[in-house]
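All of the numbers you see were taken from the coordinates with simple rules; none came from a lab. In this text the structure is predicted, and so the values were computed from the model without any measurement.
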Amino acid sequence: MYKRIISLSVFILFFSITGCQDILECVINRKPILSDNTLSAAFVNQNYSELITAEIQNEPRDNAYYYDYFLTGDLPPGIDVFFDFRDVIIEGIPLERGRYRFTIHLSVEQIDNYCENDLNDCDGLCEERTARTYILTVN
């Protein structure tokens with residue numbers, strides 16, 4: 001009996017310190033994700049355009065976040081990347097053949113003033129950052 005009371009006390013103490021909601025967020029698995037689509041092949045001296053999208057998984061209000069991106073790796077000469085809210089746009093006219101590997105890094109943050117309305121659930125995400133590596137082949 002004594003062991004059961006201690007276990008229950010530790011359990012209650014743990015949730016009161018860490019906050020039950022934080023643990024539930026990880027069970028619900030709310031986190032930013034980038035689309036896992038394979039990029040279509042590009043061709044030298046021909047227009048190329050591809051779209052990668054971002055969202056907050058299991059979050060119906062994913063427009064209520066700031067999306068901040070940066071890119072590491074190589075893009076083909078002639079190809080540019082543009083970040084437009086929840087879209088990553090890759091476009092241009094590639095000038096050289098090859099296989100180009102790059103990673104898009106994404107971090108999100110809830111928009112200020114979003115939590116002022118008591119009707120909104122403003123608990124944090126399980127994760128606030130993600131990254132995905134893509135390969136663009138130019139023929």
Scalar couplings 3J(HN,Hα) for region 29-38 by Karplus 6.51 cos²θ - 1.76 cosθ + 1.60 (θ = phi - 60°), nearest whole Hz, x for Gly and Pro, are 6, 7, 7, x, 9, 10, 4, 9, 5, 7
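Rounded, prolate or oblate: which fits region 66-107, taking a ≥ b ≥ c as square roots of the Cα gyration tensor eigenvalues, rounded meaning a/c under 1.5, else prolate when a/b beats b/c? Numbers along the way, then the final one.
Numbers: a/c = 3.85, a/b = 1.81, b/c = 2.13.
Judged from the Cα gyration tensor, region 66-107 comes out oblate (a/c at least 1.5, b/c at or above a/b).
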